[in-house]
Each structure stands twice: as C-alpha cells, then as structure tokens.
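**Q** First, the structure itself, so that you have it in front of you.
Throughout, read-outs are computed from the coordinates displayed, never taken from laboratory work. Just so we're clear, the structure is a prediction, and the values are computed from it rather than from any experiment. Virtual Cβ from ideal backbone geometry, glycine too; neighbours counted across all protein chains shown.
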Amino acid sequence: AARAGGTMEDSEAGSDADEEKDVEEVEAVEAKAPTPEPSAPPSPERAPPRRRIREPVDLGTALGPDWDPEAPAKVETFDALKRVFDEADEDSDGELGVDDFVKAFRHLDPELRDAREALRRARSEARLSDSYADAGSANADDDAGVPRDENDEKEEEHDVSLFVNPALEAAVDARMRHLFAVMDTNAGDTVDWDEFSTHVMLTAKEMRDKARALQPPSRYAPPHEAQCVVFDKQTRHNDLVTNITRMPRVDQYATVSRDGSVRAWSLDDASKTATLRKKVNVGVGFLNDAAELPVTGRLAVACFDRSVRVFDPKAWSETGAFRALKDAPLCVAGWAGGKRLAPNKRDVDYVAVGDVGGHVHFLRVIDTTDGEKAERPGVGVRFEKPWSARDVHKRAWVTCLCYVASENAIATGGSDGCAALVDVDGREGGGHVRRRFTKNAHVKGVNAIAWSEERKTLYTAGDDRVVKLWNPLSEGPVAQLAGHEHPVTSVLCVDEEDQLVTLDLGKTFKVWDVRTRKCLQTFTDDQEYHPENAVGSLCFDPKRRSLVTASVQPKVWALETNVRGNVDAHAAAVVSVNFSKAFQRACSADEDGVVCVWDLRDGGRVFRFNADGEAAADAPVGDDDDAVAAHADAASGGGAAGDALKAPTAAAVISARLDGRGRRIVVGGGDGSVRCWNIANGALCKELFKEGEDPRARAVEKAASSAAAARGSEQNIASSSADRPETARVTGVCTIGDYPDVRFAAAGWSREMTLWDDSHDASIETPRRVVRGHQSDILFCACNDESTVLATGDFAGNVFVWSDMGERRAKLEPPPLPPDRDVSGDVDADASGSDHE
C-alpha cells in the first residue's frame with residue numbers, strides 16, 4: 001500500500017513481483033557502473049523498517065461524542081462500553097478471548113473508521129451521480145429519501161469491508177491484538193470487565209495529560225454564562241467604556257465611558273459576575289481616559305470639557321478638578337510621587353496628560369486631607385503644574401501615554417504614527433523631549449502604548465495592525481508582532497505572567513509570550529454590544545489572575561494554568577517549600593535530601609540535586625530522563641542504578657530554608673548536620689559545625705560510613721557528638737540579616753540554638769554563639785523580615801524571643817491546659833532523652 005502506483009486492489013503476488021522487479025533494476029544499474037580502481041565496498045543490506053510505536057487507542061473517545069476525557073468515570077459511556085462487551089461475550093462467562101475482543105471492538109479503531117467513512121462518502125457521491133443519470137432507478141429513489149431496509153444496510157457494510165485496504169485491515173487487527181495484550185494484566189489470554197474498564201480510564205488520563213502537555217502553560221477561559229447577559233440600562237453604560245481600572249484599595253473596578261459617567265463595580269469570585277456599587281454622573285460629555293493614583297488610591301479622569309477630575313473611591317465623590325487646560329485631554333497616566341513628600345508632609349501623586357493639541361502636561365496632585373479632613377469642604381486635593389511640553393507631536397493628537405519608571409520619563413504615542421520620550425526631571429529640565437522614535441515607525445496612528453519595567457521594553461500598537469517593540473536607547477524598533485486583522489486599540493503588559501495582551505477593533509484578543517514573542521492564544525468576544533460593537537478597554541487583576549474587559553459592563557476572563565502531572569516529583573515526604581525571588585522559582589526539599597527547583601508557570605522541574613554530604617558536592621544531577629529513572633529506582637530500592645540520586649544513609653532531612661537572597665538553601669538533618677547548598681548548580685557551599693564538633697572527625701566518619709555502605713555492612717557508626725543521634729535532630733533553620741552581613745541559626749532536639757557567621761569565602765563555619773534556655777525539645781526556629789529578632793518554640797508550648805545576636809528578650813508561656821488535656825506528666829516518660837520518641 002505504501003509503494004507508489006499501488007492500489008487497494010493489489011494482491012500479494014503483485015506486490016512480490018514488483019519487489020523482484022525493483023531488485024533486478026538495482027542490480028542492472030550496479031552492473032553498468034564503471035569499475036573503479038579500488039574495489040568498492042559492498043553496499044550494506046537495507047535496514048529493516050523501524051517499528052512504529054503504537055499510540056494508545058481511546059475506546060471511550062471512539063465510542064462517540066458523549067465521552068468526556070475530563071470526566072473518565074462518566075456512567076453513560078461505561079454503560080455503552082458494557083453493552084458492547086456483553087454482546088461480544090457469547091458464552092456469558094464475563095470474559096472475552098482475543099478473537100471475540102478484536103471482532104467486537106475493531107470498528108472503534110479511528111483509522112479504520114475514517115477509511116470506512118471516506119468510502120461511504122465516495123459511494124454516496126457515486127450513487128448521487130447515477131441518480132441524475134437514471135432518475136427512475138432504485139438508487140435514485142434511495143438517494144431521494146426512500147428509507148432502506150436492514151438487508152440494504154448489511155449489504156452496504158459488506159461492500160464497504162470489501163473495498164477497505166487489506167493491509168489496513170491487518171494493521172487494525174494487529175493493533176487490537178496488541179491492545180488486548182496490554183489489557184490482559186495476568187496474561188491469562190482473557191480480559192474481564194474489570195481489566196477492560198480500568199484500561200479505558202487510564203488511557204483517557206494518559207491522552208488527556210499528553211494533550212495538556214502540548215498546550216501553552218496558561219490560557220484565558222471563556223467568561224461565565226452569567227456575564228454574557230447584558231445588564232439593564234440603569235446598570236450598564238449607555239455608550240462605550242473608554243477605560244477600566246482596578247482600584248486595589250477597595251477591591252473594585254472603575255469604568256469611565258463616553259456617556260459621561262463613572263461607575264464602580266465589585267466582582268463575585270464564585271460566579272465571576274460584576275455588581276454595580278456606585279454610579280457617578282460627572283455632568284460633562286465624553287470621559288476619555290482614567291488612571292489610578294497609587295499613593296492616595298484615588299482615580300484621575302480625563303474629561304472632554306478640558307478638565308482632569310479626581311474621585312475618592314471611599315464614597316466615589318469628586319475631591320478636586322484641574323480646569324486650566326486649553327485643549328481637551330485624550331489620555332492620562334498616573335504614578336507614585338511619595339508619602340509626605342509635598343510641603344507640610346503631604347502625600348503626592350504625579351499625573352501626565354496628553355491632549356488634542358499634541359502637548360503633554362505634568363501635574364502634581366497633592367493630598368490636602370492627610371487621610372482625615374479636607375482643608376476646604378469638598379476639596380481633597382491641590383494641583384500644581386510644573387511644566388508643559390509643547391508640540392510633542394506636531395499637528396497631531398497625543399492619543400496615549402505611559403510612565404517609564406527606569407528612565408523617569410513619559411512615553412507618548414500620537415496620531416502621526418510616532419512615539420516619543422519626554423523627561424520628567426532631566427538635565428535640561430522637565431518637559432524636554434529626549435527621543436523621538438521615527439525610524440521605521442507606524443505608518444498610521446498609534447492607539448496604545450505600554451511599558452514593561454521587567455523587560456525594559458516599550459510596546460506600541462496602532463491602525464496599521466502591528467505591535468512594535470522599542471528599546472528606549474535605540475532609534476528603530478527591535479521587533480514587531482503581526483497577526484491582527486483589524487486596527488489594534490489596546491496593549492496590556494502582564495509582567496507577572498510574562499505576557500502581552502493586545503486587542504483590536506474586531507474584539508479579537510491575542511496573548512503573546514514576551515520571552516519568545518510568539519502568540520500563545522487568540523480568542524474573540526462574540527457577544528454583541530450596542531450602540532458600538534467593540535471592546536473599549538482591558539486590565540489585569542493579579543489577585544484573581546484574570547483579564548477584565550469592558551464594553552458597556554465588565555467581563556472577566558480567568559487565567560487557567562495548564563496543570564500537568566509531573567513524573568519528576570519527590571519520592572519521599574516533602575519537608576520544606578520556599579520561593580526564590582532571585583530566580584522566580586519554587587524550591588522544595590524532601591526527607592531523602594533531594595532538592596528540586598520548579599518553574600511555577602507550568603510545573604516543570606528546572607533542576608534537581610541531592611543534598612547529601614558527598615553526592616551533591618561531587619556529582620550534581622541534572623534534569624535528564626536517565627536521572628529521573630535512576631532516582632525512581634533508588635527510591636524503590638532498585639539496586640545500583642539508583643546511585644545517581646542515592647538517598648542519604650545517615651539521617652533524613654528535617655528542615656530547609658532559603659537564605660535572604662534566595663540563592664542558597666540551608667538544610668538541617670536528623671543527625672544534627674547543617675549544610676548550605678547553591679540551588680543553581682547543586683554545589684555544597686559550606687558546612688556549619690556545632691559546638692564541640694571536629695571537621696576532621698566528620699570527614700573520617702563520612703569515609704567510614706561510605707566504606708561500610710559499600711561492604712553492605714549494617715553496623716552503626718557512632719556519632720562524634722556527645723549527644724545521641726535522636727537528640728541531635730535539627731528541626732529549624734533560618735538566615736538572619738542581608739548581604740554581606742549574614743548569619744545562620746539552627747535549633748532542634750538538643751534544646752539549644754546555634755548561631756554562625758557567614759564568612760562567604762570559607763567552606764567551614766564554626767559557631768559564633770550557642771544559646772540555651774529551653775527545657776524541652778525545640779520544634780521550630782524563625783526570624784522576622786527585618787532580621788531583628790528570632791523566635792524558637794519548644795514541645796512544652798514556650799516561645800522564646802531572641803535578638804539577632806542571640807540575647808534573650810522575652811519568654812512567651814502558654815496558658816495552662818484544662819485538666820482533661822494536661823499531658824505535662826507524660827513528657828519524656830520513658831527517659832529516652834526525647835520528649836516525643
């Protein structure tokens with residue numbers, strides 16, 4: 001069937017003849033070739049075809065559309081499969097042999113089903129052609145709608161089976177026999193219903209996980225059905241929303257519209273529906289844009305009556321207005337000035353305004369209430385205008401702007417297709433145009449602009465349907481994103497998710513990965529809106545991980561993470577999970593001393609190493625499949641193959657904590673050892689020795705332990721510590737201070753806390769101080785964010801507060817327990833030296 005020119009009716013004899021012909025032709029060509037001076041090596045024999053890996057057959061999906069892989073325990077689907085299974089079980093013994101299984105389920109093979117469907121379509125088209133040629137024939141009556149009886153159906157099925165490629169039929173039988181062998185777990189040459197149904201559920205899960213692995217890490221889900229209902233006229237806006245802003249102080253969304261109103265909305269987390277909380281009629285025409293003032297939490301609104309008004313979200317009342325603009329403002333941006341920065345220790349926010357004259361204005365919005373009472377009734381802010389930048393876009397409108405924090409500048413976009421950077425407070429004073437991005441700029445007007453502080457990239461989009469990426473120090477764009485079919489109206493940077501969301505006039509959203517600059521998702525808002533069928537604005541809610549859009553009312557698109565089952569997970573109990581701000585990763589440690597670093601976006605494992613005293617420092621393990629398999633063997637006692645990630649033989653890891661910079665992890669073990677590791681490469685940074693411990697004795701003990709393990713000896717190596725191993729257990733570790741003044745602290749069942757200095761250039765640290773005071777085993781050790789105090793808690797319920805240098809400041813004693821719960825007499829009842837042996 002694979003040979004060119006072959007047909008489905010070719011016989012095996014014809015195939016053999018063709019093969020012999022091919023061989024003869026090859027020999028003839030070799031005979032005619034001139035004989036070279038050195039004898040040519042004989043041509044190697046043709047390698048046999050590689051065996052194709054059989055994909056699992058999902059019988060539930062093949063059964064019909066009622067099967068949902070997300071819910072593999074659907075009763076209707078298993079009832080249908082059970083009926084097919086029972087019909088094939090002719091002797092009613094509850095089991096199927098291989099021949100009965102193949103005969104009953106071969107029609108569910110997707111390849112055979114597609115082939116038969118194609119033959120049915122070809123047969124139907126042929127009958128339709130015959131019906132036009134002979135309108136009075138029986139076939140014409142049949143195609144015209146005359147129902148066929150059961151014999152006709154059987155005859156068609158028989159005819160179809162004759163036309164199907166015999167090679168395909170044989171391949172289907174081989175696949176079904178292979179599937180039968182997989183289901184036959186006990187190799188008894190029969191499959192019962194339990195084996196059959198278990199395999200169906202596991203196959204559905206496997207195919208679902210495989211499909212999820214091919215999906216992007218996150219996708220925006222369609223809105224809830226309740227959000228697709230347009231509110232009444234009193235609730236929704238009567239015209240297009242021009243801006244939606246999240247107000248984190250009150251956990252609400254503020255929308256401004258062309259109908260001249262400001263509305264505040266709250267969101268129900270369960271139903272994802274918005275509820276109108278406040279409606280404010282400003283009393284003017286268009287409201288063109290809005291921005292949050294971060295310091296005071298207020299909302300600045302650009303109005304078409306040439307004013308900028310400020311609203312307080314506590315009561316959504318107007319607290320001030322700036323009316324000294326000569327042209328109507330089109331866009332506004334706000335950023336933090338500072339607390340108690342203005343005269344009389346007033347809070348101040350900064351606002352940039354762009355207008356239809358091509359000018360940019362810089363305003364200071366000073367809070368006069370100090371959070372309590374206004375200086376004048378109804379007036380809570382005072383405006384100052386230090387400068388105005390004239391003709392930033394000559395003979396054009398300033399259509400959009402944003403604040404560039406790292407450059408302390410205002411980025412603007414105009415209807416002339418260009419972008420510009422305006423200094424807020426530069427060498428030449430505020431309002432100086434530092435740079436104009438005119439090289440390879442947009443061929444039409446710029447509608448949206450956004451700045452990514454994390455990527456140091458400026459994004460612009462406009463009527464030419466492309467998104468351009470700019471470096472503030474370069475003249476031309478560094479890249480551009482194409483794919484929209486309509487003018488792009490909005491650009492939103494979501495640095496938390498490494499995403500860029502763009503919106504066009506056709507209500508089409510595109511989600512881009514800013515790292516690879518590839519489109520991750522494209523979706524469209526299919527709902528009809530009036531009076532203008534468009535989406536006016538969008539924002540991102542990091543609290544709910546949702547995209548919030550607005551046309552006449554808010555709509556929420558939740559960001560769903562593609563959670564995948566991870567085969568690289570820990571094989572032992574996880575004792576610690578920490579977040580590294582330096583690497584933006586999660587770091588986990590288990591009892592066997594295996595430390596894993598995870599990517600939070602997709603759950604993938606980035607790196608893994610063994611925090612054992614000798615394994616990780618000498619041979620850190622990378623992220624490869626062989627290491628994963630070796631670790632699985634080691635966890636299950638799989639022999640020598642598990643040496644790649646060998647579990648520590650001395651004692652389990654009890655506690656682990658990242659340092660302040662998130663680059664090293666401090667691990668405390670059950671044998672009293674404390675070690676510091678680099679989570680980027682798995683290297684051992686340093687060992688922290690306790691009071692009275694000898695580093696040389698530790699090395700000798702380690703060598704003796706390794707030798708004993710190699711000989712298979714079960715003898716116990718005595719600890720050099722004066723304490724027994726069970727009392728040396730480290731239950732809490734933490735780091736104090738910030739670089740370069742860093743200290744380590746560890747506490748445990750020895751009822752004492754040890755402090756070490758971080759010398760940075762030393763691989764071995766000895767104690768700086770050992771503090772005592774607990775009469776029971778210490779169960780935890782922690783410090784505050786400022787690293788000014790430490791706290792330790794013991795089994796008896798006492799909490800000791802220490803200074804960062806180890807001076808005891810306070811003892812917090814628990815209240816007495818009721819008589820029926822008093823277990824104080826049971827502490828160390830067996831005199832084992834441990835409170836909870």
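**Q** Over 17 Å, how big is the tail of the calculated P(r) for region 729-775, in percent of all Cα pairs?
**A** Details: 377 of 1081 pairs.
Cα-Cα pairs in region 729-775 separated by more than 17 Å: 35 percent.
**Q** Between R127 and E169, what's the calculated FRET efficiency when r is the beta-carbon distance and R0 is 25 Å? Round to 0.05.
**A** On the way: r = 24 Å, r/R0 = 0.96.
Efficiency for this residue pair is about 0.55.
**Q** Still on this structure, I have one more. State whether region 446-501 is rounded, prolate or oblate according to the following rule on the C-alpha gyration tensor (a ≥ b ≥ c being the square roots of its eigenvalues): a/c under 1.5 gives rounded; otherwise a/b larger than b/c gives prolate, and the remaining case gives oblate.
**A** Numbers: a/c = 1.98, a/b = 1.23, b/c = 1.61.
Oblate.
**Q** Find the percent of Cα-Cα distances in region 234-348 that exceed 18 Å, and round it to a whole number.
**A** Numbers: 3281 of 6555 pairs.
Above the 18 Å cut-off, region 234-348 has 50 percent of its Cα pairs.
**Q** For a Förster distance of 30 Å, can you work out the FRET efficiency between the beta-carbons of A118 and C519, rounded to the nearest 0.05? Write down the numbers at each step before the final one.
**A** Details: r = 33 Å, r/R0 = 1.11.
Efficiency at R0 = 30 Å is approximately 0.35.
**Q** Still on this structure, I have one more. What length, rounded to one decimal in nm, is gained on full extension from T766 through to E813, with 0.36 nm per residue of separation minus their alpha-carbon distance?
**A** Stretched out fully, the T766 to E813 stretch lengthens by 13.8 nm.
**Q** Then there is this: Provide, for q = 0.20 Å⁻¹, the log10 of I(q)/I(0) from a solvent-free Debye sum over equal Cα point scatterers in region 433-553.
**A** At q = 0.20 Å⁻¹ the computed log10 ratios are -1.14.
**Q** Which pairs break 23 Å Cα to Cα here: K233/K543; K279/K510; K394/K468; K394/K444?
**A** Working: K233/K543 30 Å; K279/K510 32 Å; K394/K468 21 Å; K394/K444 15 Å.
Flagged as over cut-off: K233/K543; K279/K510.
**Q** A further question on this structure: Taking only Cα atoms of region 494-582, what ratio of Rg to Rh do you get with Rh as the Kirkwood inverse-distance radius? Please report the intermediate quantities before stating the final value.
**A** Numbers: Rg = 17.7 Å, Rh = 15.8 Å.
On the Cα set of region 494-582, Rg over Rh gives 1.12.
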